[in-house]
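Each reported figure results from applying straightforward, stated rules to the coordinates on display, with no laboratory input. It should be emphasised that the depicted structure is a prediction, and the values quoted were computed from it without experimental measurement. As a convention, Cβ positions derive from the backbone with ideal geometry for all residues, glycine included, and neighbour counts pool all protein chains shown.
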Amino acid sequence: MSDLIRKSVQAMAGYVPGEQPKGEDIVKLNTNENPYLPSADVQDILSMIDVAVLSRYPDPVCIELRKAIAELHGCEVENVFVGNGSDEVLALCIRAFVERDGSVGFFDPSYSLYSVLADIEDVEKKPVVLGPAFQWQMPDDYASSLFFLTNPNAPTSMQFSKANVGAFVKDFKGVVLVDEAYADFAAENCMDLALQHDNVLVARTLSKAYSLAGIRLGYCVGNADLIGAMYKIKDSYNVNYLTQEVARVAILDQDTMKANVQAIVETRKITAEKLSELGFEVAESQSNFLWVKPLDFSAKGLFEELRKKNIVVRYFGNDELTKDYLRITIGTAPEMFKFLDVVEELMRDA
Ligand SMILES: *Cc1c(COP(=O)(O)O)cnc(C)c1O
């Protein structure tokens, strides 16, 4: 291949995002998006924006948005970094906290982007394989410069207890980024740890609970020195004006986010119960998706049959650890009833 391209880039595989199928009748349960509308204030602010402001650069350090986030979590603006999706936050953590001869840790399975980001920066990866039933399993003497701890974990949907996470970060020598993309759907979260420990960052996103995957806004909270380092190296204007405004009003409207989360949690419960009755192994979800193992059907076969019926779920077939499972995003109640009807029908015909 071309010697114009860095060897590490030639050797790596890029991240493969979930499919975004187009079509009226498709029930899209594959990328953990929120099926409900975001805050009505988002529509209002977009209607009110004077396009003349778009000829100017946006605030490079997003002060008004960070004030809203700081208020929400009871910290200072200096403790908040905002990025172009939490994906950018994760990438900047590697650039800011991992030396060339350092390493990046994460659980296997967890969010598959971490491995790609480590490859982009050409640093060592130190994955930690989870124990039976995807439980917490940290080897003795484990060390890495940075650890991405997804909690609740994806794609397994399960939460590691705050007590376990707290005990781990206390003795860990590197930076721990607790990736809480799904924390709004969970019983507990680790935000306190970011404000108590100098080496802990907690990341959140507006893509899931706030129904705003399209604006690309993620943030992390933690020690002001770590946050300052991230500000030093980010792109000058990493969060555009429209996103700053939309994100700010969405965060100020906690009621809408919580009502949507409540609806999803209720639908999650009904869907999980029904799938258990149908003979699926269903993990205890603390997120907006279910991690299920069909017992009388191959996961791959079910994935393909559902696709034929215009129902799209996520299948991670390339990995031994995940190939027997499907990840199913919780949609609206009617979408989930349709999904359950089709599953029941397929099982009857099998
Ligand atoms: C969805 C997701 C993200 C990405 O969030 P964006 O803000 O949309 O970039 C990060 N981490 C995990 C674990 C996710 O599931």
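Less than 12 Å from a label point 7 Å out along the Cα-to-Cβ axis of Asp198: which backbone N atoms in region 220-239 qualify, by residue?
So the set is 223-226.
Between Pro139, Ala40, Ser86, whose Cα lies farthest towards the positive end of the dipole of the chain when Lys and Arg beta carbons carry +1 and Asp and Glu beta carbons carry -1, centred on the Cα centre?
Ser86
Just tell me which aspartates and glutamates come within less than 20 Å, Cα to Cα, of Lys28; anything on the same chain fewer than 8 places away is out.
Excluding near neighbours in sequence, the set is Glu19, Glu266, Glu304, Glu305, Glu335, Asp341, Glu344, Glu345.
If the reach is capped at under 20 angstrom between alpha carbons, list the lysines near Lys173, excluding any in the same chain fewer than eight residues apart.
Partners found: Lys125, Lys126, Lys162.
Gaussian network model of the chain, Cα springs within a sub-10 Å range: biggest mean-square fluctuation belongs to which of Gln137, Gln244, Gln159?
Maximum among the listed residues: Gln137.
Over the chain, calculate the relative contact order: mean separation of alpha carbon pairs under 8 Å at least 6 apart, over the residue count, as a percent.
23 percent
Going 7 Å from the Cα of Ala143 along its beta-carbon direction, which residues of region 168-212 have the amide nitrogen within less than 13 Å of the resulting point?
Only 172-175 fall inside the zone, counting backbone N under 13 Å.
Quick one: of Lys269/Lys293; Lys170/Lys232; Lys274/Lys338, which pairs are farther than 21 Å apart, Cα to Cα? Write out the running numbers ahead of the final one.
Numbers: Lys269/Lys293 16 Å; Lys170/Lys232 27 Å; Lys274/Lys338 12 Å.
Correct reply: Lys170/Lys232.
Relative contact order of region 1-160: what whole-number percent is it, with Cα pairs under 8 angstrom and at least 6 residues apart?
Numbers: 145 pairs, mean separation 31.9, N = 160.
Once divided by the residue count of region 1-160, the mean separation gives 20 percent.
What residues qualify as long-range amide H neighbours of Asp108, i.e. H under 5 Å apart, gap of 5 or more or another chain, H built at 1.01 Å from N?
Under 5 Å from the amide H of Asp108: Val128, Val129, Leu130.
Counting only the backbone N, which residues of region 264-295 are under 14 Å from the spot 7 Å out from the Cα of Leu321 toward its beta-carbon?
Flagged as within label range: none.
Within the set of other residues whose C-beta is less than 13 Å from the C-beta of Phe303, count the net charge using Lys and Arg as +1 and Asp and Glu as -1. Provide the component values of the computation, followed by the final result.
Details: positive: Lys293, Lys300, Arg307, Lys308, Lys309, Arg314, Lys323, Arg327; negative: Glu19, Glu304, Glu305, Asp324.
Once positives and negatives cancel, what remains is +4.
Just to confirm a number: summing +1 for Lys and Arg and -1 for Asp and Glu over residues other than Val249 whose beta-carbon lies under 11 angstrom from that of Val249, what do you get?
Overall, the nearby charge balance is -4.
So how much slack lies between Ala52 and Ile233, counting 0.36 nm per residue of separation and subtracting their Cα-Cα distance, in nm? Present the calculation step by step, with values, prior to reporting the outcome.
Working: separation 181, 0.36 × 181 = 65.16 nm, distance 2.92 nm.
My answer for the length gained is 62.2 nm.
Dividing the alpha-carbon radius of gyration of the chain by 2.2 N^0.38 Å (N being the number of residues), what value is obtained? Please list the in-between numbers first.
Details: Rg = 20.5 Å, N = 350, 2.2 N^0.38 = 20.4 Å.
Its radius of gyration relative to the 2.2 N^0.38 Å reference: 1.01.
Given springs between every Cα pair under 10 Å in a Gaussian network model of the chain, which of Ala133, Ala186, Ala52 has the largest fluctuation?
It is Ala52.
Please identify every one of the GluC sites (Glu not before Pro) in region 7-61 that sits in a loop by DSSP and has no more than 13 other beta carbons within 10 Å of its own beta carbon.
Values: sites: Glu19, Glu24, Glu33; in loops: Glu19, Glu24, Glu33.
Answer in residue order: Glu19, Glu24.
Can you pull the one-decimal nm distance between simple spin-label points at Glu284 and Ile5, each 7 Å off the Cα toward Cβ?
The modelled label-to-label distance comes out at 4.5 nm.
Given only helices, namely DSSP H runs of n ≥ 4 each adding -39500 (n - 2.57), what is the per-residue ellipticity at 222 nm of the chain, to the nearest 500 deg cm²/dmol?
Numbers: 12 runs with 135 residues, N = 350.
Calculated mean residue ellipticity at 222 nm is -12000 deg cm²/dmol.
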